[in-house]
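Below is one structure, written out as structure tokens; the observations come after it.
The values are calculated or read from the model by the stated rules, or taken from the named source; none is laboratory data. Quick caveat: nothing in here was measured; it's all calculated off a predicted structure. Cβ atoms come from the backbone with ideal geometry, glycine included; neighbour counts cover every protein chain shown.
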Amino acid sequence: MAPTALQLMRSRFTAFAAGDARYLLATAHPSTRPPRLDLDDDQRWYRLDILGTSAGGPLDTTGTVEFIAYFRGPQGRGELRELSRFVREDGRWFYLEDAG
């Protein structure tokens, strides 16, 4: 279990890079979790830049992480910029939604 929202964000990026849909679903909050997640095998995530964080520490119950994630796909290179919201329930952090 990730002790902070930032560490959960980093682990979720690694899961995207590894194609681990099961982990991504398990770390999504039940209120916003999709029933299934189909990852694109042709899309390769290769870099994560953290732009900023707000709260999300071990004693917080909410937090945000702003990032840019870089990928390569059949159409070339691309990036995803997002301000992600996280929530901690029963001592466990979950990805809630894109707040941007």
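Computed quantities for the displayed model
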item	result
Selected residue (criterion: farthest from Gly91 (Cα to Cα)) from residues of the range 3-43 that are assigned to a helix (DSSP H, G or I) and charged (D, E, K, R)	Arg22
Single residue of the range 61-90 satisfying the filter (of a type in the set (Gly, Ala, Ser) and either at pLDDT below 95 or surrounded by 18 or more Cβ atoms within 10 Å (Cβ to Cβ) (or both)) that is nearest to Gly19 (Cα to Cα)	Ala69
In the range 54-97, the residues that are closer than 22 Å to Ser31 by Cβ, part of a strand (DSSP E or B) and charged (D, E, K, R)	Glu66, Glu82, Arg85, Arg88, Glu89, Arg92, Glu97
Scope the range 20-49; condition over 19 Å from Val65 (Cβ atoms) and in contact with an Asp or Glu (Cβ under 7 Å, 6 or more places away or on another chain); matching residues	none
Enumeration of residues in the range 21-60 that are among the hydroxyl-bearing types (Ser, Thr, Tyr), surrounded by 12 or more Cβ atoms within 10 Å (Cβ to Cβ) and free of Cβ contacts under 8 Å to residues at least 60 places away in the same chain	Tyr23, Thr53, Ser54
Residue identified as under 18 Å from Leu83 (Cα atoms) and either touching a Leu at 6+ places or on another chain (Cβ under 9 Å) or touching a residue at least 60 places away in the same chain (Cβ under 8 Å) (or both) among Ala17, Ala5	Ala5
